[in-house]
Amino acid sequence: MALHSNPAHDHVNPSPEHAKARKTTVIVGGVAGGASCAARLRRNDEHAHIIVLERGPYVSFANCGLPYYLGGVIEKEEALLLSSPAFFKRRFDIDVRTGHDVVAIDRAARTIRVQPDDGPDYELAYDALVLSPGAQPIRPPLPGIDLPGIFSLRTVPDSNLIKQWIARHKVRRAVVIGGGFIGLEVVENLHHLGIQVALVELGEQVMSMIDREMVQPMTQAIRAAGVDLRLRTKVSGFEPGARGRGLKVGFADGSQLDTDMVILAVGVSPENGLAQAAGLALGARGHISVDARMQTSDPHIYAVGDAVEVRCALTGQRVAVPLAGPANRQGRLVADVIAGKRRGFRGVQGTAVCGAFGLTLASTGLNERTLRNLRIPYEVVYAHPLNHVGYYPGATTINMKLLYDTTDGRVLGAQAVGQDGVERRIDVIAMAIQMKASVFDLEEAELCYAPQYGAAKDPVNLVGMIAANAMRGDLPITHWSDVGDDAAASILDVRTKEEVEKDRLPCEMHIPIDELRARLHELPADKPIHVVCGVGLRAYNAIRMLRQHGYRASLLSGGFSTWSHLNPPEQSAAQG
């Protein structure tokens with residue numbers, strides 16, 4: 001390719017890339033999808049005319065860092081500002097205009113109407129239009145929802161308003177409504193500031209996308225930190241506090257809670273107004289419909305990010321996953337498509353992670369609720385390995401759950417919670433899911449090992465081995481949820497006497513593993529035996545022994561550790 005850095009070289013025959021007609025691409029919205037699209041498009045086409053129109057004051061900022069800016073972990077606002085209009089112009093020769101709101105699209109004329117903050121409206125023509133409008137926080141239509149002191153957290157200005165309110169009103173109490181990713185991160189950061197926090201969640205658990213038993217360690221950590229966690233609690237409205245100070249949060253049961261501030265974290269809805277007014281096809285929940293090329297129902301308009309619905313990589317269904325990773329990848333892909341490259345989006349599988357109160361909770365793929373609803377044949381195995389070898393100081397437990405298709409062993413999902421090494425294991429399994437790998441592939445995965453980082457049998461290998469053993473018929477799996485329906489079966493606990501006395505299980509038989517061979521005659525030969533231990537390893541050894549002696553033995557997956565997550569300490573409805 002000839003370089004055209006000097007007018008004296010203009011006589012050189014241009015390459016095909018240089019000879020292409022200069023086209024205008026207008027990108028509506030910056031942040032993850034829009035900004036990544038703009039930069040990639042410039043790398044693809046040095047001669048394209050690229051314009052980015054952003055309604056807010058910042059073209060690219062780290063919205064995932066907002067809770068940590070709120071809590072003072074990130075000290076300066078500037079740290080959240082990833083790129084500026086001046087940077088885009090200097091580095092990429094991209095025309096970025098902040099404070100410019102796109103209010104209409106004329107699809108026939110291929111123009112948009114722009115409403116700047118500091119000037120008259122104007123029209124702008126495009127050859128390709130990329131919509132990256134994002135999503136807006138849901139503000140439920142409750143009485144008093146617009147009272148001062150009730151906030152959402154989506155932008156840098158939002159976080160500054162909250163910080164100013166905390167300082168001006170000397171906030172000591174706060175209520176966070178919604179127990180998803182943002183809710184938990186906000187709760188932790190307010191707690192970090194020394195504020196007494198109540199977390200209110202309508203559902204039966206926080207992090208509703210994670211299966212209930214896997215959330216329990218996080219639930220216990222939240223409560224142990226002193227947070228007033230209120231599950232199964234419906235907010236009915238808000239009132240000004242006594243003598244005009246603070247707020248009263250009302251609940252459906254008639255009770256109220258005094259607070260100095262409320263932060264809403266009940267989810268987001270797509271910013272679809274522009275697309276809807278232009279007549280673009282929308283999905284059932286209002287997200288912009290796109291194909292594998294991220295093209296909308298108009299061949300000259302593309303859409304990326306939180307406002308779109310795409311294909312689930314596992315089921316093929318249309319889903320919306322408002323995460324930064326997919327938005328960035330979609331932005332890059334659209335830039336390639338506009339540049340004439342053949343690309344298709346692989347779909348999403350919802351890989352996500354959240355850290356709060358010393359724990360990390362991560363997941364990828366489908367959860368049990370989704371698998372049941374879709375009637376996909378699946379099995380589950382649990383494991384509770386250490387994040388690295390036990391003889392190296394600092395080892396901690398990772399609680400893992402693997403879901404797989406019982407017809408072929410294909411991995412369908414995974415969840416994990418622990419203090420360290422959680423996200424690494426889920427990342428490995430996420431890639432396995434994308435490559436349509438099976439539990440047999442996890443069993444054989446070659447992963448790096450040194451004592452301070454892992455084990456020769458990595459936790460990923462371990463869950464793969466358990467599932468592979470089950471698929472081969474060497475290790476029949478039973479779950480605690482099945483035991484109550486199996487009155488004809490017996491439960492055998494092979495833990496030590498000391499363990500049994502410390503942590504009781506609903507078992508009628510107890511024979512320590514090292515005594516089992518000598519006491520086989522005590523076991524019933526005419527009924528199934530579900531074997532349990534602390535985490536599953538000793539039970540596995542017992543099952544292999546018993547089955548070769550003719551007993552119908554199966555593993556109660558996850559042992560006492562899983563049972564304790566399924567049977568947390570009872571809490572009153574008012575307190576969760």
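Coordinate-derived values only; no laboratory data. Since the model is a prediction, treat every value here as computed from it, not as a measurement. Cβ placement follows ideal geometry from the backbone for every residue including glycine, while neighbour counts extend to all protein chains displayed.
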Seminar exercise, completed: Note on the chain: contact order normalised by length, alpha-carbon pairs under 8 Å, 6 or more apart, percent, works out to 11
For this session: Using the Karplus curve 6.51 cos²θ - 1.76 cosθ + 1.60 with θ = phi - 60°, work out ³J(HN,Hα) for each residue of the stretch 27-40 in order, rounded to whole Hz, and write x for Gly and Pro.
Result: 10, 9, x, x, 6, 5, x, x, 5, 5, 5, 4, 5, 5
Seminar exercise, completed: The relative contact order of the stretch 358-472, taking Cα pairs under 8 Å that sit 6 or more residues apart, comes to a percentage of 29
Problem set entry | Amide H contacts under 5 Å for I529, placed H, 5+ residues apart | S490, R552, A553, S554
Seminar exercise, completed: In deg cm²/dmol, rounded to the nearest 500, the helical mean residue ellipticity at 222 nm of the chain, built from -39500 (n - 2.57) for every DSSP H run of length 4 or more, is -7500 deg cm²/dmol
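Which of the peptides 294-306, 212-224 is most tightly packed, and how do the rest follow, judged by the mean count of other Cβ atoms within 10 Å per residue?
Numbers: 294-306: 22.9, 212-224: 20.5.
Ranking, from highest mean packing down: 294-306, 212-224.
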Exercise. The list [x] 122, 65, 52; [y] 92, 66, 63; [z] 93, 72, 44 gives values of Cα extents along the principal axes in Å, and only one came from this structure; which label was calculated from it?
Worked result: [z]
Seminar exercise, completed: Out of V334, L555, L462 - ranked by how far each Cα lies towards the positive end of the dipole of the chain, with unit charges on the beta-carbon of charged residues - the top one is V334
For this session: Kindly write out, for the stretch 314-327 in residue order, the coupling ³J(HN,Hα) from the Karplus curve 6.51 cos²θ - 1.76 cosθ + 1.60 (θ = phi - 60°), rounded to whole Hz, with x marking Gly and Pro.
Result: 9, 10, x, 6, 7, 9, 10, 10, x, 10, 5, x, x, 4
For this session: Add +1 for every Lys or Arg and -1 for every Asp or Glu among the other residues with Cβ under 10 Å from the Cβ of R110, and state the total.
Result: -2
For this session: Step through the residues of the stretch 328-343 one at a time and calculate ³J(HN,Hα) from phi using the Karplus curve (6.51 cos²θ - 1.76 cosθ + 1.60, θ = phi - 60°), rounding each to whole Hz and writing x for Gly and Pro.
Result: 4, 5, 5, x, 5, 4, 4, 4, 5, 4, 4, 7, x, 7, 8, 9
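In debye, nearest 20: dipole of the stretch 150-266 around its Cα centre with unit charges on the Cβ of K, R (+) and D, E (-)? Mind dumping the intermediate values first?
Details: 14 positive and 12 negative charges, 110 e Å.
That gives the stretch 150-266 a dipole magnitude of about 520 debye.
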Exercise. Among residues other than D101 whose Cβ falls under 15 Å from its Cβ, what is the net charge (Lys/Arg +1, Asp/Glu -1)?
Worked result: -3
For this session: Would you work out the charge dipole size for the chain about its Cα centre, treating the Cβ of every Lys and Arg as +1 and the Cβ of every Asp and Glu as -1, and quote it to the nearest 20 debye?
Result: 660
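Quick check for me: using +1 on Lys/Arg Cβ and -1 on Asp/Glu Cβ, what's the dipole size of the stretch 477-566 about its Cα centre, in debye to the nearest 20? Walk me through the numbers before you get to the answer.
On the way: 11 positive and 13 negative charges, 64 e Å.
Computed charge dipole of the stretch 477-566: roughly 300 debye.
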